[in-house]
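The values are calculated or read from the model by the stated rules, or taken from the named source; none is laboratory data. Only a predicted model underlies this, so the values are computations on that prediction, with no experimental measurement involved. As a convention, Cβ positions derive from the backbone with ideal geometry for all residues, glycine included, and neighbour counts pool all protein chains shown. Please note that ligands, DNA and RNA were not included when accessible areas were found on the heavy atoms of the full protein model with its side chains. Shrake-Rupley method; radii C 1.70, N 1.55, O 1.52, S 1.80 Å.
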Amino acid sequence: QGTRDHPPAQAALRERLLGAVVSCFKRHGAAAIDTPVLELRETLMGKYGEDTKLIYELQDQGGELLALRYDLTVPFARYLAMNKVNNMKRYHVAKVYRRDNPATTRGRYREFYQCDFDIAGQFDPMIPDAECLKIVHEILSDLQLGDFVIKVNDRRILNGVFAICGVPESKFIMACSTVDKLDKVPWEEVRSEMVGEKGLSPEAADRIGEYVQLHGGLDLIERLLQDPKLSQNKLAKEGLGDMKLLFEYLTLFGITGKISFDLSLARGLDYYTGVIFEAVLLQQENEHMEELVGVGSVAGGGRYDGLVGMFDPKGRKVPCVGVSIGIERIFSILEQRLKASGEKLRTTETQVLVATPQKHLLAARLKLISELWDAGIKAEMLYKKDPKLLKQLQYCEDTGIPLAAIVGEQELADGVVKLRDVSTREEVRMSFYTRCQKC
């Protein structure tokens, strides 16, 4: 439950999607890394807030308590610490595992791919953070998924709000996890959980509600910088100052039309220390997409400056910011869109089918296809000694192969190959070398 097989059409769609995402990561100068699917249990515990219970723990193996990786961020931080790396721009595409209740129609699985881009190192404020948001904007625009908004907030602003509202510091992370549910349930339910389950006073909850329901842009940041209580909190003031700087950079990138400063955004993971963000698809207008309205966020990330230090023996800190693309949810959207359109997706990249019109010409086909393969041309042939020409051409149509290289008795005698465009049925005779160049 919560896993799936991918037949050729789905695998081809997934490969195309991953290719588009990785292409963007490479465009921004990232290098690829890989890490083991297994981590020490202690590496993962205490990093994911309430979601720690979703980690797949394994039985003792030779004295080691292991677990399946929950995300790609904690392994990256562990990698930086173990290898004493201070600066790195990396991407990582790999499977992660969560012992969750699957919701396959919304792209929620127990085994799924994550696509992460991260910048590690000591740099001037908000420049790497702005680039991460630009990457999210580029990917969602390129994939043409429909309208979207990228919500941004800062953990320091949230912590400042909690402090001035009378929340004890020991309950900041708990309050964050509760506020993070505001995108799924109304404020009344969140307030009820804060008071009834988390032990906050009704007055504190009401004061929090006045802030976390605010969203806007640069104007809201300026207003909060003038807020008599919030502006007196050191953490909140730092966060608001950086948020203002971030919006200046995003304005230069020309993407502020899709950015919303949203104080309800909390992201429940414990390791975030500064800017946090999440991209959400807005309601689709296409009648075929009604089921996809509840897909939820399709990208998320933030700054985690303290995570590497948790794994370094000397507590050496490496500031980091990164983003994870919700590839499974995006895949679910594209898969249903493809199904609704009736479009047929090619599952191979074959350029040419080597065909023969008469019997006893298998040797000619084998010789020609071997030379095509050696020349780097993607070619196929049917695995029958004497297939009918109609059947060979029908195979081209069924699989989307654009060209057929036909070699018959006359072509062998003339030293040529007849090249047929399968869609237009136009044919040209050419020498073998010219035909190879055309393919």
If I filter region 153-172 for residues that are in the same structural domain as LEU17 (by the TED database) and either in a strand (DSSP E or B) or within 30 Å of ARG4 (Cα to Cα) (or both), do I get at least one hit?
yes
Out of curiosity, is LYS53 assigned to a loop (DSSP other than H, G, I, E, B) and of a type in the set (D, E, K, R)?
no
Check off (1) at pLDDT 90 or above; (2) in a loop (DSSP other than H, G, I, E, B) for GLY199 and give me the number that stays unchecked.
(1)
Name the residue that is most open to solvent (accessible area, probe 1.4 Å), counting only residues in region 338-361 that are closer than 15 Å to ALA12 by Cα and part of a helix (DSSP H, G or I).
LYS339
With the structure loaded, tell me whether VAL195 is open to solvent by 30 Å² or more (accessible area, probe 1.4 Å) and among the hydrophobic types (A, V, I, L, M, F, W, C) or whether it fails that test.
yes
Among the residues of region 379-389, count how many are open to solvent by 30 Å² or more (accessible area, probe 1.4 Å) and touching a residue at least 12 places away in the same chain (Cβ under 8 Å).
4
Any hit, region 390-398, residues being at pLDDT 95 or above, open to solvent by 60 Å² or more (accessible area, probe 1.4 Å), among the basic types (Lys, Arg) and not in a strand (DSSP E or B):
yes
Among the candidates ILE55, ILE33, which residue alone is open to solvent by less than 60 Å² (accessible area, probe 1.4 Å), out of contact with any Leu (no Cβ under 7 Å at 6 or more places or on another chain) and either farther than 22 Å from GLY306 by Cα or assigned by the TED database to the domain that holds VAL74 (or both)?
ILE33
Residue under question is LEU40, and the condition is that it be farther than 29 Å from GLU248 by Cα, surrounded by 18 or more Cβ atoms within 10 Å (Cβ to Cβ) and among the aliphatic types (A, V, I, L, M); does it hold?
no
May I ask you to list pairs of residues, at least six apart or on different chains, whose Cβ atoms are under 8 Å apart, with the first in region 84-98 being among the β-branched types (Val, Ile, Thr) and the second being modelled with pLDDT of 95 or more and open to solvent by 50 Å² or more (accessible area, probe 1.4 Å)?
VAL85/TYR79; VAL93/ALA32
Consider only pairs whose beta carbons are under 9 Å apart and that are at least six residues apart or on different chains; among these, list those whose first residue lies in region 222-233 and is assigned by the TED database to the domain that holds LEU263 and modelled with pLDDT of 90 or more and whose second residue is open to solvent by 30 Å² or more (accessible area, probe 1.4 Å) and in a loop (DSSP other than H, G, I, E, B).
ARG223/LEU214; LEU224/LEU214
When the residues of region 12-47 are filtered to those that are charged (D, E, K, R) and in contact with a Phe, Trp or Tyr (Cβ under 7 Å, 6 or more places away or on another chain), which remaining residue is modelled with the highest pLDDT?
ARG14
Among what's in region 26-43 and is in contact with a strand residue (DSSP E or B) (Cβ under 8 Å, 6 or more places away or on another chain) and in a loop (DSSP other than H, G, I, E, B), pick the residue that is nearest to MET82 (Cα to Cα).
THR35
List every residue pair whose Cβ atoms lie under 8 Å apart, where the two residues are 6 or more positions apart in sequence or sit on different chains, the first residue falls within region 145-172 and is polar (S, T, N, Q), and the second residue, located anywhere, is part of a strand (DSSP E or B).
ASN153/PHE261; ASN153/ASP262; ASN153/VAL275; ASN153/ILE276; ASN153/PHE277
So VAL179, is it open to solvent by less than 70 Å² (accessible area, probe 1.4 Å) and without any contact (Cβ under 8 Å) to a residue 40 or more places away in the chain:
no
Somewhere in region 178-186, is a residue of a type in the set (Lys, Arg) and either outside the structural domain of ALA20 (by the TED database) or at pLDDT 90 or above (or both)?
no
Considering residues of region 251-269 that are assigned to a helix (DSSP H, G or I) and over 15 Å from ALA279 (Cα atoms) only, the residue most open to solvent (accessible area, probe 1.4 Å)
LEU252
